[in-house]
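Chemist: Structure provided below as structure tokens; questions to follow.
The values are calculated or read from the model by the stated rules, or taken from the named source; none is laboratory data. None of these values were measured; they are calculated from a predicted model. Positions of Cβ are backbone-derived with ideal geometry, glycine not excepted, and every protein chain shown enters the neighbour counts. Ligands, DNA and RNA are excluded from the accessible area calculation, which covers all protein heavy atoms including side chains. Shrake-Rupley method; radii C 1.70, N 1.55, O 1.52, S 1.80 Å.
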Amino acid sequence: MPREVLLIEPNYNNKYPPMGLMKISTYYKKLGDNVRFFKGDLHDFVAELLCEDLLRILKAIKPKILWTKYTPILTRYIRFGKAIEIPDTKDFSNSDVMDNIEFYRKKYISKEYQENPRFDVICITTLFTFHWKITIDTINFAKNLCKDKSCVFIGGIAATIVPDYIEKETGIRPMTGILDKPGVLDKKNKIIIDTLPLDYSILYEIDYKYFVTDAYFSYSTRGCVNACNFCAVPILEPQYQKYISLRKQLISTIKVFGEQKNLLLLDNNVLASPRFNKIIDDIKKLGFKHGATYLPPNPYSLAIRNLRKGINDRAYIKICVELFEKLLQIIKNQHICKDISIYHEIYKKIYDAKCDQFYTATKKSILALASFIAPYYKKYAYHPISRQRYVDFNQGIDARLITKENMKKLAEVNIRPLRIAFDYWEMRKAYEKAIRTAAKAGITHMSNYMLYNYNDKPVDLYHRMLLTINLCEELNLAIYSFPMKYHPIDDPVFFKNREFIGKYWCRKYIRAVQAVLTSTHGKIGRGKQFFEAAFGRNENEFDEIMLMPESLIIKRFEHDEAMRKRYPEKCKNTKYNLKTTDKWRKIFNSLDFEKRKIAIEIICKNKFDDPDIYCKDKSIRKLLSFYQIQRDE
Ligand code: SF4
């Protein structure tokens with residue numbers, strides 16, 4: 001009997017798809033089990049499951065009605081009850097129908113789904129420990145959907161870092177580390193899940209869209225030879241694996257899901273591998289040599305082929321409906337056909353086949369349309385353009401291990417960006433040397449991760465960013481800096497949230513960095529003028545920005561006359577010239593040493609309600625009142 005397997009990623013934001021679950025999906029499908037992936041509100045998911053059962057019953061009562069067209073409304077009714085109006089149509093004028101709808105609503109309210117759970121196995125992944133609440137809530141909810149609690153498996157990053165805490169709050173002992181041994185999910189099974197190819201199709205089952213798609217996700221090494229004390233890698237991947245063949249993984253992905261544009265490698269320290277040259281040669285052979293381009297496959301042909309093969313019907317029905325929509329939109333919007341009758345003809349075919357919505361479309365009806373739609377899709381919607389494809393060692397490479405030889409080798413592939421960690425000011429020499437060496441090898445697009453809020457001082461972060469900006473100018477490079485706030489991963493007080501404040505940092509400084517980064521989308525690009533406007537021209541200006549009220553940081557050009565004068569072209573489109581910052585600055589500068597000290601102490605706490613800013617001194621009070629200005633005031 002195939003098992004019903006549910007894979008869940010808690011509903012936090014995630015840039016990258018859950019690779020572990022994608023491999024687990026391949027594993028269970030290999031064994032013939034039915035796999036379903038969910039990321040979202042689990043209450044919605046339960047209502048969705050109940051609705052599927054209800055639809056089967058309604059079909060038995062009135063077989064001629066296309067009940068699936070009511071899927072959204074019935075799902076919402078099951079979840080929210082009378083707040084949702086059931087259509088006043090003939091379809092519902094039957095007491096059997098209405099009784100069953102009410103019955104399923106009651107099943108939801110009474111949580112009957114917990115008494116008769118439908119899944120044989122549930123696997124839940126976890127990510128950062130600061131997603132604590134949503135992770136624990138998800139596990140506690142999901143475990144009630146599984147027939148046997150011992151078949152609920154929790155894995156991933158947070159599970160590996162703080163398994164005891166997870167067990168304490170959920171009663172389930174998580175699996176730690178990577179799935180690199182046989183028998184981790186089924187005792188007698190010899191398959192090593194970590195070596196399996198990823199099942200990309202599960203990503204189309206959900207509404208959530210990951211930030212990075214259209215890439216092969218893989219590893220060419222695992223772990224790291226170092227043990228930096230701020231880093232989780234030594235816990236997550238304690239054994240350094242110096243070589244993992246990419247070939248098998250990529251070839252099987254191409255076979256099933258088609259070519260992907262980029263190659264995203266999650267290696268933690270690829271330069272430490274003695275087989276680095278072999279890894280780069282593999283990457284070149286797989287189509288990523290310097291200057292390599294990519295021509296996307298026809299997504300409609302691929303979806304139809306995979307639907308025919310039964311690779312993941314739920315996913316490919318959804319994709320096909322989306323592609324129909326896209327095709328119709330292109331024909332309609334771009335007026336490709338002078339004669340709009342083509343649009344009407346295609347629309348009518350899709351509509352008549354009930355393939356305009358994923359919940360009414362069926363595999364059979366989509367496949368029946370395939371030969372009609374395919375030429376139109378090819379003609380109007382598939383115009384592949386050859387584009388550069390890139391390799392990205394996404395977790396960064398170790399600046400200290402960069403040499404002329406390995407950069408020359410790396411430049412043989414389309415590396416972009418080359419990510420180099422610059423975690424503290426003391427490694428500036430190694431960092432600078434690394435950038436210069438990479439630039440000499442012809443690598444022009446780089447980025448870095450800059451850890452802050454650890455043992456560094458705020459001004460160190462300023463200098464690290466400035467050094468990078470200067471290197472960009474001097475060497476004509478594009479280097480994006482990504483400041484990343486340090487969170488302790490296993491500190492009993494702080495691992496659950498993002499409240500940790502480093503030794504030399506305060507809440508206000510952290511907010512100030514984040515306020516600047518909000519307007520730059522989290523990264524600092526090239527351009528000295530841009531950087532100086534954002535973080536200041538020198539240490540004093542940086543300090544001033546850190547202490548400045550947040551609303552004045554965010555709307556610099558509307559509040560600060562000095563900035564307006566300095567960067568007139570940046571103010572062209574600003575609506576106001578309020579001079580608020582100038583007033584704040586004047587008061588701040590007028591405070592003597594003692595008063596300034598008192599004011600800074602209050603500002604650093606970053607709490608500005610009336611009682612928080614109460615102070616006997618009138619001038620300090622006046623200064624602190626600026627911190628109550630809201631961003632949109
Ligand atoms: S070198 Fe990088 S991956 Fe390795 S332990 Fe240090 S921070 Fe972690």
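Chemist: Looking at Leu74, is it under 27 Å from Pro10 (Cα atoms) and either in a helix (DSSP H, G or I) or without any contact (Cβ under 8 Å) to a residue 40 or more places away in the chain (or both)? Outline the logic, then answer.
Modeler: Values: under 27 Å from Pro10 (Cα atoms): yes; either in a helix (DSSP H, G or I) or without any contact (Cβ under 8 Å) to a residue 40 or more places away in the chain (or both): yes.
Taking the combined requirement at face value, the residue satisfies it.
Chemist: Report yes if some residue within region 386-395 is touching a strand residue (DSSP E or B) at 6+ places or on another chain (Cβ under 6 Å), within 16 Å of the ligand (Cβ to nearest atom), assigned to a helix (DSSP H, G or I) and open to solvent by less than 20 Å² (accessible area, probe 1.4 Å); otherwise report no.
Modeler: There is no residue in region 386-395 that is touching a strand residue (DSSP E or B) at 6+ places or on another chain (Cβ under 6 Å), within 16 Å of the ligand (Cβ to nearest atom), assigned to a helix (DSSP H, G or I) and open to solvent by less than 20 Å² (accessible area, probe 1.4 Å).
Chemist: Where in region 544-600 are there helices (runs of 4 or more DSSP H), lying wholly inside it, with at least 2 residues that are without any contact (Cβ under 8 Å) to a residue 24 or more places away in the chain? Before the answer, list the steps.
Modeler: Details: elements: 550-554, 556-559, 561-566, 580-590.
In region 544-600, the matching helices (runs of 4 or more DSSP H) lie at 556-559, 561-566, 580-590.
Chemist: Look through Phe422, Phe482 and report the one residue that is crowded, with 22+ Cβ neighbours inside 10 Å, within 16 Å of the ligand (Cβ to nearest atom) and in contact (Cβ under 8 Å) with a residue 24 or more places away in the chain. I'd like the intermediate steps shown before the answer.
Modeler: Working: Phe482 fails: crowded, with 22+ Cβ neighbours inside 10 Å.
Matching residue, one of Phe422, Phe482: Phe422.
Chemist: Scan region 443-486 for residues that are within 17 Å of Asp392 (Cβ to Cβ) and not hydrophobic (A, V, I, L, M, F, W, C) and jot them down. Spell out the reasoning first.
Modeler: Of all residues in region 443-486, those within 17 Å of Asp392 (Cβ to Cβ) come to 443-449, 477-482, 484.
Once the filter is applied, which keeps residues that are within 17 Å of Asp392 (Cβ to Cβ) and not hydrophobic (A, V, I, L, M, F, W, C), region 443-486 yields Thr444, His445, Ser447, Asn448, Tyr449, Tyr480, Ser481.
Chemist: I'm checking my understanding of the structure. Among residues of region 398-419 that are of a type in the set (A, V, I, L, M, F, W, C) and within 13 Å of the ligand (Cβ to nearest atom), which one is farthest from Ile280 (Cα to Cα)? Explain how you work it out, then say what you get.
Modeler: The first filter runs over region 398-419 and keeps only residues of a type in the set (A, V, I, L, M, F, W, C), leaving 399, 401-402, 407, 410-411, 413, 415, 418.
Cutting the leftovers down to within 13 Å of the ligand (Cβ to nearest atom) gives us 399, 401-402.
On the way: Ala399: 18, Leu401: 16, Ile402: 15 Å.
Applying the filter and picking the extreme gives Ala399.
Chemist: Further question: Do you know which residues across region 312-367 are open to solvent by less than 60 Å² (accessible area, probe 1.4 Å), part of a loop (DSSP other than H, G, I, E, B) and polar (S, T, N, Q)?
Modeler: Within region 312-367, Asn312, Thr360 qualify.
Chemist: Residues that are open to solvent by less than 20 Å² (accessible area, probe 1.4 Å) and under 22 Å from Val5 (Cβ atoms), at least 2 per element: which helices (runs of 4 or more DSSP H) completely within region 81-180 meet that? Step through it out loud before you land on a result.
Modeler: Working: elements: 95-109, 112-115, 132-142, 157-161, 163-170.
Filter on region 81-180 gives 132-142, 157-161, 163-170.
Chemist: How many residues does region 206-239 hold that are over 23 Å from Phe422 (Cα atoms), part of a loop (DSSP other than H, G, I, E, B) and touching a residue at least 40 places away in the same chain (Cβ under 8 Å)? Before you say what the answer is, go through the steps one by one.
Modeler: Filtering region 206-239 for residues over 23 Å from Phe422 (Cα atoms) gives 206-218, 239.
Next, only the ones that are part of a loop (DSSP other than H, G, I, E, B) stay: 206-214, 239.
So of that shortlist, the ones also touching a residue at least 40 places away in the same chain (Cβ under 8 Å) come out as 206-208, 210-214.
Summing the residues that are over 23 Å from Phe422 (Cα atoms), part of a loop (DSSP other than H, G, I, E, B) and touching a residue at least 40 places away in the same chain (Cβ under 8 Å) in region 206-239 gives 8.
Chemist: What tally of residues in region 396-418 results from selecting those that are within 18 Å of Ile435 (Cβ to Cβ) and part of a loop (DSSP other than H, G, I, E, B)?
Modeler: If we filter region 396-418 for residues that are within 18 Å of Ile435 (Cβ to Cβ), which is where we start, we get 396-411, 415-418.
Narrowing the set further to residues that are part of a loop (DSSP other than H, G, I, E, B) leaves 396, 398, 402-403, 411, 416-417.
Residues flagged as within 18 Å of Ile435 (Cβ to Cβ) and part of a loop (DSSP other than H, G, I, E, B) within region 396-418 amount to 7.
Chemist: Name the residues in region 601-633 that are in a helix (DSSP H, G or I), farther than 23 Å from Ile510 by Cβ and open to solvent by less than 70 Å² (accessible area, probe 1.4 Å), would you? If you could, list the steps in order and put the result at the bottom.
Modeler: Kept after step one, since they are in a helix (DSSP H, G or I), are these residues of region 601-633: 601-605, 618-628.
This time we only want the ones that are farther than 23 Å from Ile510 by Cβ, so: 618-619, 621-622.
Listed by number, the list holds a single entry, Ser619.
Chemist: Looking at (1) away from the ligand (no atom under 15 Å from the Cβ); (2) open to solvent by 50 Å² or more (accessible area, probe 1.4 Å), find the lone condition where Asp199 falls short.
Modeler: Result: Asp199 fails condition (2) only.
Chemist: Name the residue, out of Lys284, Lys255, that is open to solvent by 40 Å² or more (accessible area, probe 1.4 Å), within 18 Å of Asn414 (Cβ to Cβ) and either without any contact (Cβ under 8 Å) to a residue 24 or more places away in the chain or not in a loop (DSSP other than H, G, I, E, B) (or both). Steps first, answer last, please.
Modeler: Numbers: Lys255 fails: within 18 Å of Asn414 (Cβ to Cβ).
Exactly one of Lys284, Lys255 is open to solvent by 40 Å² or more (accessible area, probe 1.4 Å), within 18 Å of Asn414 (Cβ to Cβ) and either without any contact (Cβ under 8 Å) to a residue 24 or more places away in the chain or not in a loop (DSSP other than H, G, I, E, B) (or both), namely Lys284.
Chemist: Considering region 185-196 alone, what residues qualify as being over 30 Å from Ala399 (Cβ atoms) and either open to solvent by 20 Å² or more (accessible area, probe 1.4 Å) or in contact with a strand residue (DSSP E or B) (Cβ under 9 Å, 6 or more places away or on another chain) (or both)?
Modeler: So the first thing to find is which residues in region 185-196 are over 30 Å from Ala399 (Cβ atoms), and the list is 185-193, 195-196.
Residues satisfying the conditions are Leu185, Asp186, Lys187, Lys188, Asn189, Lys190, Ile191, Ile192, Thr195.
Chemist: Run Arg428 past the list (1) within 30 Å of Asn229 (Cβ to Cβ); (2) touching a strand residue (DSSP E or B) at 6+ places or on another chain (Cβ under 6 Å) and report the number of the one that doesn't hold.
Modeler: (2)
Chemist: A follow-up question, please. Of (1) closer than 26 Å to Tyr219 by Cβ; (2) surrounded by fewer than 18 Cβ atoms within 10 Å (Cβ to Cβ), Val35 satisfies all except one. Which?
Modeler: (2)
Chemist: Listed residues Ala292, Ala232; which is within 16 Å of the ligand (Cβ to nearest atom) and open to solvent by less than 30 Å² (accessible area, probe 1.4 Å)? Steps first, please.
Modeler: Working: Ala292 fails: within 16 Å of the ligand (Cβ to nearest atom).
None of the other options fit; the residue is Ala232.
Chemist: Return yes when Tyr216 is open to solvent by less than 40 Å² (accessible area, probe 1.4 Å), away from the ligand (no atom under 16 Å from the Cβ) and under 21 Å from Ile193 (Cα atoms) and no when it is not. It would help to see each step written out before you state the result.
Modeler: Working: open to solvent by less than 40 Å² (accessible area, probe 1.4 Å): yes; away from the ligand (no atom under 16 Å from the Cβ): yes; under 21 Å from Ile193 (Cα atoms): yes.
So Tyr216 passes the test.
Chemist: Let me ask another. I need the full set of residues from region 23-70 which are basic (Lys, Arg) and in contact with a Phe, Trp or Tyr (Cβ under 7 Å, 6 or more places away or on another chain), in order please. Full working, then the answer.
Modeler: Going residue by residue through region 23-70, those that are basic (Lys, Arg) are 23, 29-30, 36, 39, 56, 59, 62, 64, 69.
Correct list: Lys39, Lys59.
Chemist: Still on this structure, I have one more. Which of the residues belonging to region 202-213 are of a type in the set (D, E, K, R) and open to solvent by less than 30 Å² (accessible area, probe 1.4 Å)?
Modeler: Glu205
Chemist: Can you name the residue in region 240-252 that is in a loop (DSSP other than H, G, I, E, B) and out of contact with any Pro (no Cβ under 7 Å at 6 or more places or on another chain) and is also nearest to the ligand (Cβ to nearest atom) among such residues? Let's see the steps before the verdict.
Modeler: Filtering region 240-252 down to residues in a loop (DSSP other than H, G, I, E, B) leaves 240, 242-245.
Narrowing the set further to residues that are out of contact with any Pro (no Cβ under 7 Å at 6 or more places or on another chain) leaves 240, 243-245.
Numbers: Tyr240: 9, Tyr243: 17, Ile244: 16, Ser245: 22 Å.
It comes out as Tyr240.
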